[in-house]
Amino acid sequence: MREDQPIKLSICIPTYNRAAFIGETLESILSQANGAVEVVVVDGASTDGTSEVVASFQNRFINLVYHRGSQNMGVDRDMATAVELARGEYCWLMSSDDLISPGAISRVLEEIQSHADIYLCDITLCNSDMRPIRDTKFLSDRRARDQFDLTDREQFLTYLNLATSNNALFCYMCAIVFRRSSWASIGFNERFSRTGYAHVFTLLSFIKTRCLVKYIPSALVLNRPDNDSFSGQGIEKRFMLDFDGYLSLANELFESDPQVKRAFLQVMTREHPWYRLVKLRSAIQSSGAWKDLSAKLLVFGYNRRILAVCGFCGRFKALIDAAVFLNKRFAAAFAVRWLRVRL
């Protein structure tokens, strides 16, 4: 491996207290990486053995950069720091608990030769043992193309209407590869620090200059379940993180174009369909709080009658909890059968 070989791709990993997982993440990367790839790990002052785990890989891979901060600045700031330290023409954001699929790096290195500004790939949802269950698709099969110029208003509207979730709007960091110079021209917006969506603001800001997005309809990342760093705040705060975050993005970026703003916000109705709102309602104790939330949800395009049904059903918390439990049991049984058939 040559030190002077130009870096084409920087895999940027913010981390905090993920010693139990980051070794597996790095193994999935380094088993595929070549001299055109570097890995940049930014550690937000972990208190576990993260630094020791990363150090064990540094002798194996000369292009592994480890930066440990003096304090925990949050994932948004650490993500931006990783990009700032990167040298690659393109950056691939990666969490410190998910895995890169076999062959994914060579696929990305091939894709970036088309010189788009942002690449969006699909992901594979896994069980707790990281065995694949199913692939997700972030853009609808109704699309007529895989490449979109988001600086073109009509193409952007088409893209928004094809989005199956807010992951098409760059929410899921591991599904995104982007041109580093474009990111550097925008920079880090402190207003979105600790929201979980500072990177989304930066990427959507590409629209102001040049924003050619290419969709890669292949799952290049294995997603670890139930390990969301924000989920410990409780279901209500986790949902509001999405709703408040994307409302702030819409107000900041699309306030002057009501049609685009409306289409942008409506993507959230696909990210959180009505049956998820029933679960959300069951976690809200006050009917007044649900009424206030419903008023906000109308802005995203939710149907008033659907919200009323969710509000009614969600009051029966014990039944909702039982339904969620049975659904998880069914999903687990389905995953076992799916794996047995394929193995």
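The values are calculated or read from the model by the stated rules, or taken from the named source; none is laboratory data. Just so we're clear, the structure is a prediction, and the values are computed from it rather than from any experiment. No Cβ is skipped: glycine too gets one built from the backbone with ideal geometry, and neighbour counts run over all protein chains shown. Protein only, heavy atoms only, side chains kept; ligands, DNA and RNA dropped before computing areas. Shrake-Rupley method; radii C 1.70, N 1.55, O 1.52, S 1.80 Å.
A few comments on the model shown:
- Neighbours of residue 70, meaning other residues whose beta-carbon lies under 15 angstrom from its beta-carbon, give a summed charge of 0 when Lys and Arg score +1 and Asp and Glu score -1.
- Charge sum, other residues only, whose C-beta stays under 10 Å from residue 189's C-beta, Lys/Arg counted +1 and Asp/Glu -1: -2
- Tilt relative to the chain, helix 317-342 - C-alpha long axis, 0 to 90 degrees, to 10: 40
- 222 nm mean residue ellipticity, helices alone, for the chain (DSSP H n ≥ 4; -39,500 (n - 2.57); rounded to 500): -14000 deg cm²/dmol
- Given charges at beta-carbon only (K, R positive; D, E negative), |dipole| of the chain in Debye: 1420
- Ordering 40, 75, 123 by the projection of their Cα atoms onto the charge dipole of the chain, which places +1 on the Cβ of Lys and Arg and -1 on the Cβ of Asp and Glu, puts 123 at the extreme positive end.
- Portion, in percent, of the accessible area of the chain that falls on carbon or sulfur, probe 1.4 Å: 52
- Full-extension gain in nm, residue 68 to residue 142, via 0.36 nm per residue minus C-alpha separation: 22.2 nm
- Degrees separating the helix 287-299 axis from the principal Cα axis of the chain, which is the longest one: 60
- Fully extending the segment from residue 134 to residue 295 would add 54.5 nm, taking 0.36 nm per residue of separation and subtracting the current Cα-Cα distance.
- Principal-axis tilt of helix 258-271 within the chain, Cα atoms, nearest 10 degrees: 90
- The relative contact order of the chain, computed from alpha carbon pairs under 8 Å that lie at least 6 residues apart in sequence, is 17 percent.
- Environment charge at residue 140 (Cβ cut-off 13 Å; Lys +1, Arg +1, Asp -1, Glu -1): +2
- Restricting attention to the chain, close to 40% of DSSP beta bridges with both partner residues there are antiparallel.
- DSSP-defined antiparallel bridges as percent of all bridges, region 119-236, nearest 5: 55
- Surface accessible to a 1.4 Å probe, residue 235 within the full protein complex, Å²: 50
- Where only C-alpha atoms are counted, convex hull volume of the chain per residue in Å³: 152
- In a fully extended conformation the segment linking residue 238 and residue 61 would gain 60.0 nm over its present Cα-Cα distance, using 0.36 nm per residue.
- For region 29-89: span of alpha carbons on each principal axis (Å, largest first): 32, 27, 14
- Gyration tensor verdict on region 147-211 (Cα atoms; rounded if a/c is under 1.5, prolate if a/b is larger than b/c, oblate otherwise): oblate
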